[in-house]
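Working notes, structure below.
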Amino acid sequence: MTVQQAWWRGIYPPLAVAAMATMSLSACVSTEPNLLNAGGDSCGVMAKPTAALPTATIHAILIDRSGSTEADDPAAFVPDWAASLRAVIPIGDGAKYLIAPFASGRHLSWPDTPLVAPQIRGTSRKQAPIRAAVTDCLAEQMERTVLKPGVRKRTDILGALYAAGTQLVSMPGTAKHIYVATDGYPSEGCAQVKIGRELTGDDIARIVEGCRSELPQNLRGITITIVGLGTSSSKMHAARPGAIASLARLWDALCRQMTQTCTVRTGAPTDDVPTPAAKAAG
C-alpha cells in the first residue's frame, strides 16, 4: 500500500502524519541566511576582515564625544548620532567601515580591524535583510563607541578630519569617504564658534581665511559628509534655526577648501527633541 492510499483510507500512522506535516512546513520555511550567529551577535552578518578586497570602498565614521554632546543626567537629551548617520552611510558589497570617537587632538583610536560588509547578491528582496543587518551592526557600534580614558572632552573637528585622512591614505581602496557626526562647535583651533551665534557672510569668510593654515591637506579626493550640525546636548543652550543654518554654511565653506565633494546636514535644535525619559513615557 502506498503512502497516498494509506492516507485516504484513514490508517496513516499518527507519527507519520506529524512527520509529513513537518516536511511540508520545512518546505515553506525561507532559506535566507541566518544573519545572527548563535551568540546573538548583531554583527554576525559581517565578513571576516581577511575577506575584504583591496579595492573595496572604505568608510571612516567619526563620532563626536566631546563635552557639548554628552550629559551625566540620564534624562537629558544627547544627540543620537547613529540615527543621524543611518540615512547617509551606504551599505556596499564588501565595503569596509572604520568607526572612531573623537574629541580633542589629532589622534583617533581606530579599531584593530574594520567591519566588512558581506557579499550582497540576488534580488532586492534577498538583499534587503542583509543590508538591514549591516546597518543595525554599524548603528550599534556607533552607539557603543567611547573615548579612551585620558582624552580631553574638548572638540577638535579639523584635527579629527586630519587624523581620518592620514588613516585613509595608508589604506588601499578605490573610493574613500569620511562621515562626521558632530554638533559643529569646536573648542580648539581656528573654527571656534560660540554655540547659538548666528554668523554673517563676512564672519564665515573671515573664519575660512583664518583657517587656511590649519585645514588638513590630506583629504583631496575623499568625500566628506557632516551631519548633526547645531545639535548639542540639552545641558547646552539651544541654537536658533538661523544660527544652525549659518553654522552649516560655515562647515560647507570649510569642507570645500579641503576636498571637492562635501555634504552638510543640520540636526534638530536641542529644545525641539524629546529627552529619552519623555520618549519612554510616550
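What number comes out for the charge environment of residue 190, summing +1 per Lys or Arg and -1 per Asp or Glu over other residues with Cβ under 11 Å away? Counting the neighbours of residue 190, the net charge comes to -2. Can you tally the net charge around residue 261? Count Lys and Arg as +1, Asp and Glu as -1, for every other residue whose Cβ sits under 15 Å from the Cβ of residue 261. Taking every other residue near residue 261 into account, the sum is +3. Suppose each label sits 7 Å from its Cα in the direction of the beta carbon; what would the residue 88-residue 113 distance come out to in nanometres? A separation of 2.9 nm, rounded to one decimal place. Summing charges over all other residues whose Cβ lies under 14 Å from the Cβ of residue 142, with Lys and Arg as +1 and Asp and Glu as -1, gives -2.
With N counted as the residues of the stretch 127-216, its alpha-carbon radius of gyration over 2.2 N^0.38 Å works out to 1.40. Taking each of 176/235; 48/153; 96/194; 148/194; 96/235 in turn, the alpha-carbon distance tops 30 angstrom for 176/235; 48/153; 96/194; 96/235.
Laboratory data are not the source of any read-out in this text; all were calculated from the coordinates shown. All figures in this text were calculated on a predicted structure; none of them were measured in a lab. Counting neighbours? That spans all protein chains shown, and the Cβs are built from the backbone with ideal geometry, glycine included.
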